[in-house]
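Before any comments, here is the structure.
The values are calculated or read from the model by the stated rules, or taken from the named source; none is laboratory data. Remember, it's a predicted structure, so these values are computed and weren't measured experimentally. Every residue, glycine among them, receives a Cβ derived from its backbone with ideal geometry; neighbour counts consider all protein chains shown. The accessibility values were calculated without ligands, DNA or RNA, using every heavy atom of the protein model including side chains. Shrake-Rupley method; radii C 1.70, N 1.55, O 1.52, S 1.80 Å.
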Amino acid sequence: MSYQVLARKWRPRTFKEMAGQGHVLKTLVNALDKERLHHAYLFTGTRGVGKTTIARILARCLNCEEGVSSEPCGKCSACTEIEEGRFIDLIEVDAASRTKVEDTRELLDNVQYAPTRGRYKIYLIDEVHMLSGHSFNALLKTLEEPPPHVKFLLATTDPQKLPVTVLSRCLQFNLKNLSPEIIKDHLQFILEQENIPFEEEALWLIGRAARGSVRDALTLLDQAISFSDGKITDSEIASFLGTINQSIIYELVDALIADDAQALLKSIEHTAEQAPDFVALLEALISYLHRLAIAQVVPEGLDNSQGDKKQLLEHARNMPAENVQLYYQIALKGREDISLAVEERAGIEMILLRMLAFTPHSPAKSPVEQVREVAEEASGEAAGQTENAAVSGDEKKKPLETIKVQEKAPAKAEATKVQHPPEPPQLQDESGAQSKAADPGISKALPADTQLALDTLREEQWISLFYGLNLKGITRSIAANCLMTAVDGKNIELTLDENQQAVFNESQQEKIAAAFAEYFATDINLRIEPGELDPEAETPAAYRARKQLERQKRAEETFRNDENVKTLVERFEGSILSDSIEPLTPEDY
Ligand SMILES: [Zn+2]
């Protein structure tokens, strides 16, 4: 038997064999079984989603000799002739190749004659939007007063281009792009029938690459079969498609979570051996981070449409939500700039290192030190750009807005193990005298490293307690938006800022309760209720925001008062852009 391409061989013959489009099929099946038939149907959707396939099945349903039904027999001469494309009363027109008005006229001239053999005379016009204006008029005239024995099945990828007069006379069905999961299942079914061995991940790759089109997926599968040596493997498909093997993305995200610059660079090195498209790699990372953020907010709404739900959830649990946002932003910005890099590989390395450099770290190791260490190991190019751009005499040639100033943090901040927020870093002014701690009120409320006792716990101690709780990611951010509104022995009540309740669910309530239990080493009866917060009270999130603002102000002051900066501004008649000043001391609350 000669080889038949899969798309033709596995073209569905009944609605039941169709992949996806359940919403459209259900309506059609109901209409057919109740014989509530319209005279014109319009199928819209992108290429390869099944528009003409549905239309051909519908043609069989309408003309099967066994009677109109949603399940044509498939054996009668009408059914077989339609399948073989030689049924005299099914007139197929590809408008993309037939736009002259005479053609359509000639076609529609015969409309009034009864069908030769079938029950209905069926006009299947593909890419109907390509008809010329005159042809549309001819079509419209027929649609206005259709003879009872005629059905129009129209298909188009571009319904916007159809005149409203035509649209309004058709029953319209919008076919959806198929999800990678539906395509993967369909391919799997076919390969099992064909007895061709495969790796499931390979089918996911094709499913994603086909971008919603079954026809494209089957064409890719055909090529993959002729390309592969018996078995269809994911590494072969990845190199054949030129797509990014998703496992590299998982490696990179693992390395980001572990804060491991070496692993990050090693992944890129391995990838580089396959001469990949680094821009595509970056885009794959961006879209994965996007899905990660969604997974953190609505984990229960997650489907397995990309085949990596388990992996995604694990990453979502381990990467703080603010880091996801940060990495996404850096990657997005990096995509704009990557074309400017001398080499794309260097560009993507810089983007990944930048992610680590800006990740909030413990005070023991500042981001700058971290990146410098990595950059020295990695590549000479990286080292130059991540040097701390402190103000010094030989940097006068740099534009003013790129100069950053390091806040002078006291050495003790590094030595103290910070679990509770320490007092704000104290600044030395020019005379060498230490300024006072910025906010004695807060310091009083936050005894450093003090274990709070349950029997003396008061609502006002919430911020201090919050910093002692072992919480991560989105759960931490939810707790940060709470106030402790009632304490009565082991009964503790938190009120969650009602504006934040959309992200709150039961599993987070359990995690927070567990953190309380761990902290007090006893079971706590914790209630979290969304509600309006006392505007006078400060949540940990508000506290943090206020501290950040103060820190920014201090950085700006330090910068403006710096003698070198003053000299620069005077000598070059410069001005300082406040937005460009960033505090370089690590965040410590
Ligand atoms: Zn039949």
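What to note about this one:
- Alpha carbon centroid spacing (whole Å) that separates the stretch 284-344 from the stretch 156-214: 25
- Sequence-ordered 3J(HN,Hα) estimates for the stretch 506-515 from the Karplus curve with 6.51, -1.76 and 1.60 and θ = phi - 60° stand at 4, 5, 6, 4, 5, 5, 5, 4, 5, 5 Hz, glycine and proline given as x.
- The stretch 6-174, accessible surface, carbon-and-sulfur percent (1.4 angstrom probe): 48
- Within the stretch 482-589, DSSP assigns beta bridges of which about 45% are antiparallel (rounded to the nearest 5).
- Modelled spin labels at Ala272 and Gln501, positioned 7 Å past Cα toward Cβ, are 5.3 nm from each other.
- Model label sites at Gln325 and Ser287, defined 7 Å from Cα along the beta-carbon direction, differ in position by 2.5 nm.
- Full-stretch length increase - Ala96, Ser132 - with 0.36 nm per residue and alpha-carbon distance subtracted: 11.9 nm
- Using R0 = 60 Å, the C-beta based FRET efficiency linking Ser580 and Ala114 works out to 0.15.
- Straightening the chain between Arg211 and Ala263 buys 15.6 nm, computed as 0.36 nm per residue apart minus the Cα-Cα spacing.
- Residue order for Arg86, Arg335 - accessible surface, 1.4 angstrom probe, largest first: Arg86, Arg335
- Structure note, pairs Lys34/Lys75; Lys9/Lys151; Lys26/Lys176: Cα-Cα distances above 20 angstrom occur for Lys34/Lys75; Lys9/Lys151.
- Proximal charge balance of Leu90 [Cβ under 12 Å; K/R count +1, D/E count -1]: +2
- A 1.4 Å probe run over the protein chains yields, for the stretch 452-537, 51 Å² of accessible area per residue, whole-number rounding.
- Taking amide H atoms as placed 1.01 Å from N in the peptide plane, the amide H of Asp89 lies under 5 Å from those of Arg117, Gly118, each 5 or more residues away in sequence or on another chain.
- For the stretch 40-182, the fraction of alpha-carbon pairs lying more than 22 Å apart is 38 percent, rounded to a whole number.
- Of the solvent-accessible surface of the stretch 453-504, computed with a 1.4 Å probe over protein heavy atoms with every protein chain present, carbon and sulfur atoms account for 42 percent.
- Surface per residue (accessible, 1.4 Å probe) for the stretch 124-266, Å²: 45
- Each of Ala258, Asn304, Phe278 was scored by the projection of its Cα onto the charge dipole of the stretch 247-343, and the greatest displacement toward the positive side belongs to Asn304; charges sit on the C-beta of Lys, Arg, Asp and Glu.
- Close amide-amide hydrogen proximity is noted between Thr485 and Glu493, Leu494, Thr495, each under 5 Å apart and 5 or more residues distant or on a separate chain (H modeled in the peptide plane; Pro and chain starts excluded).
- Cα-based Kirkwood hydrodynamic radius, the stretch 452-537, one decimal, Å: 12.8
- FRET E, pair Glu529, Leu313, Förster distance 30 Å, beta-carbon r, rounded to 0.05: 0.65
- Evaluated at q = 0.15, 0.32, 0.33 Å⁻¹: base-10 log I(q)/I(0), Debye formula over Cα of the stretch 549-589: -0.39, -1.14, -1.18
- Restricting the GluC sites (Glu not before Pro) of the stretch 468-558 to loop positions (DSSP other than H, G, I, E, B) with no more than 15 neighbouring Cβ atoms within 10 Å leaves Glu532, Glu536.
- Reported value for the stretch 222-312: 115 Å³ per residue, from the convex hull of its C-alpha atoms.
- Lys231 versus His38: modelled label distance in nm, points set 7 Å from Cα along the beta carbon direction: 4.9
- Using a probe of 1.4 Å on the protein chains alone, the accessible area found for Phe198 is around 50 Å².
- Distances between placed amide hydrogens fall under 5 Å for Ser213 paired with Leu178, all partners being 5 or more residues away or on another chain.
- Counting only heavy atoms of the protein chains and using a 1.4 Å probe, Lys51 has close to 10 Å² of accessible surface.
- ³J(HN,Hα), Karplus 6.51/-1.76/1.60, whole Hz, each residue of the stretch 342-354, x for Gly, Pro: 4, 10, 4, 4, 4, x, 6, 4, 5, 5, 5, 5, 4
- Sequence of His39, His129 when ordered by accessible area, the most exposed leading, probe 1.4 angstrom: His39, His129
- Arg554 sits with roughly 40 Å² accessible to a 1.4 Å probe, with DNA, RNA and ligands left out of the calculation.
- Subtracting the Cα-Cα distance of Arg560 and Asp185 from their residue separation scaled by 0.36 nm leaves 128.7 nm.
- Estimated FRET transfer efficiency when R0 is 25 angstrom, pair Leu452-Gln548 (beta carbons, to 0.05): 0.50
- Ordered from largest to smallest accessible area (heavy atoms of protein chains, 1.4 Å probe), the residues Lys34, Lys151 come out as Lys34, Lys151.
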